[in-house]
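One structure is given below, encoded as structure tokens.
The values are calculated or read from the model by the stated rules, or taken from the named source; none is laboratory data. Since this is a predicted model, take the numbers as computed values, not measurements. Cβ placement follows ideal geometry from the backbone for every residue including glycine, while neighbour counts extend to all protein chains displayed. Heads up: the accessible areas ignore ligands, DNA and RNA and are worked out on the full protein's heavy atoms, side chains in. Shrake-Rupley method; radii C 1.70, N 1.55, O 1.52, S 1.80 Å.
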Amino acid sequence: MINLEIPKKAGALINQAYQAAAEVFRPISRKYDRAEHTYPAELDMFAALLDGLNSSGEGGAGAAGVRRNDDGGKGNRNGANLNLVLGTMEMCWGDVGLLLAMPRQGLGNAAIGSVATDEQLKRFSGLWAAMAITEPEFGSDSAAVSTTARLDGDSYVLNGEKIFVTSGERADAVVVWATLDKSKGRAAIKSFVVEKGTPGFEVVRVEHKLGIRASDTAVLRFENCRVPRENLLGTPEIDTAKGFAGVMQTFDNTRPLVAAMAVGVARAALEETRRILEEAGIAIDYDRPAHIQHAAAAAFLQLEADYEAAYLLTLESAWMADNRQPNSLQASMAKAKAGRSVVEIALKCVELTGAYTEESLLEKWSRDAKILDIFEGTQQIQQLIVARRVLGKSSAELK
Ligand SMILES: Cc1cc2nc3c(=O)[nH]c(=O)nc-3n(C[C@H](O)[C@H](O)[C@H](O)COP(=O)(O)OP(=O)(O)OC[C@H]3O[C@@H](n4cnc5c(N)ncnc54)[C@H](O)[C@@H]3O)c2cc1C
């Protein structure tokens, strides 16, 4: 089995994240799965700790986003992306819903971290930001944004509806994708930081979900909502040559993160399954061919191979980001592989162990897994992106 060593200096961070996952997340995992829509207050202290780590540059378990222009040099950089995915894997081994519910670690924070100017980064520091792209009329086709942002004096006026916004109710602000001019296509789509309490910004409802129930998912409405013009992230110019690149850049950072979430949940399911199988006297033997082992052991080996592939692709995509290499292809490959694998692994683990009731967290993980193959781009969309990149086709040529 291929096993790449991770940098020694990441060891302390991984260990800390693992301890937190085991001691903070796991004990309350089932509680907040049952108590959907109740804020996990236990996270407050933990979030403060994470803020400290992030501000000291040792972050690694949140979604702070990683900037590409911090030193402009070449070669192996500080490993911030790698740290982030390694920390995320550990935390999601604990509980992915709780990680998604962590204050100040929203996907909007990743967007701010990735595309904000230095001034904006400073101004929005400490803000918990959700990310609102999806609308009632589209999910996968993010170029179809129909929420509008019209410049009026010193403000943009936002109108539209957003659905499925993770942390949409609890976060302090939402990064909203809106179009400056629908006729100019995807280049006119910009993101805006809209703070809670801004007149015209309303949380319409919070959804009841299959999994990740500790995390709130909201429907938001913007009606003549005035946002200061300096809350537009990045540049206001509509550069049709550059197109969508600005807002889409976020995905190069967030897809490896979601892949890491999937890897974490998959590892949790595999570890628990191994424990149950071994308790039942079924040994998993790496020195004998799978086909002469117990059928459950053979199935386990296959699941583990998928897990390893997802893990390695995730590390690769993060490593490339750290090394200033364009990673869109690898980020989509990691997300596609990890998203599909975690669903298959978690369900198969339920099958192998019979852990179908609330007595086992395997039951919960098999529900939590599905969203990881959906948000930040579904399985099919990742495959489409991979195919376009490999075949050298544009989005117009391959839909
Ligand atoms: C719990 C949860 C949390 C979420 N959090 C957020 C969030 O924080 N912010 C946010 O903006 N959004 C969020 N989303 C939305 C999520 O990103 C979308 O659900 C996702 O992008 C898919 O969009 P859709 O549901 O409209 O499916 P659709 O786009 O309608 O797709 C339906 C099916 O068709 C497939 N499909 C679509 N186009 C193609 C194609 N060209 N080729 C092949 N197959 C295709 C899709 O893969 C999918 O299987 C969240 C969703 C959920 C359920």
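FRET efficiency for the pair Met45 and Glu237, taken as 1/(1 + (r/R0)^6) with r the Cβ-Cβ distance and R0 = 35 Å, rounds to 0.25. What do you get for the angle between helix 361-372 and the principal long axis of the chain? Use alpha-carbon atoms, 0 to 90 degrees, nearest ten. The angle comes out near 40 degrees.
Summarising the strand pairing of the stretch 100-259, around 85 percent of its internal DSSP beta bridges are antiparallel.
Take Thr235: with every protein chain present and a 1.4 Å probe, its accessible area is about 70 Å².
My understanding is that a pair violates if its Cα-Cα distance is over 29 Å; which of Lys122/Lys190; Lys8/Lys393; Lys184/Lys393; Lys9/Lys209; Lys162/Lys348 do that in this structure? Violating the 29 Å limit, Cα to Cα: Lys8/Lys393; Lys9/Lys209; Lys162/Lys348.
Annotation for the stretch 150-168 versus the stretch 244-322: alpha-carbon center distance of 38 Å.
Considering only Gly94, Gly197, Gly281, the mean-square fluctuation computed in a Gaussian network model of the chain, springs between alpha carbons under 10 angstrom, is largest for Gly281. The peptide list 259-265, 202-208, 362-368, put in order of mean Cβ contacts within 10 Å with the highest first, becomes 259-265, 362-368, 202-208. Rounded to whole Å, the principal axis extents of the Cα atoms in the stretch 274-362 read 48, 35, 16, largest first. For the stretch 145-234, the share of DSSP beta bridges that are antiparallel, to the nearest 5, is 95%.
Against the compact-protein benchmark of 2.2 N^0.38 Å, the Cα-based radius of gyration of the stretch 176-325 scales to 1.57.
Label sites at Tyr356 and Phe138, each approximated as a point 7 angstrom past Cα along Cα to Cβ, lie 4.2 nm apart.
Peptides 348-354, 180-186 ranked from most to least packed, by the mean per-residue count of other Cβ atoms within 10 Å: 348-354, 180-186.
Measuring only protein heavy atoms, the 1.4 Å probe finds Leu49 accessible over about 110 Å².
By accessible area of protein heavy atoms, probe 1.4 Å, what ranking do Ile345, Ile276 get, highest first?
Ile276, Ile345
Multiplying the residue separation of Glu271 and Lys393 by 0.36 nm and removing their Cα-Cα distance gives an extension gain of 39.9 nm.
Tell me, what % of the accessible area of the chain is carbon and sulfur with a 1.4 angstrom probe? Answer for the chain: carbon and sulfur cover 53 percent of the accessible area. Rolling a 1.4 Å probe over the protein heavy atoms leaves Met102 with an accessible area of roughly 0 Å².
For the chain, the direction-averaged projected area of the alpha-carbon convex hull comes to 19.9 nm². Under conditions of 20 °C and 1.002 mPa s, the stretch 178-267 yields 135 µm² s⁻¹ as its translational diffusion coefficient, taking Rh as the Kirkwood radius over Cα pairs in the Stokes-Einstein equation.
For the stretch 311-399, relative contact order (Cα pairs under 8 Å, six or more residues apart, normalised by length) works out to 29 percent. A 1.4 Å probe over all protein chains sorts Ser125, Ser395 by accessible area into Ser125, Ser395, starting with the largest. Note: relative contact order over the chain, using C-alpha pairs below 8 Å and six or more positions apart, is 17 percent.
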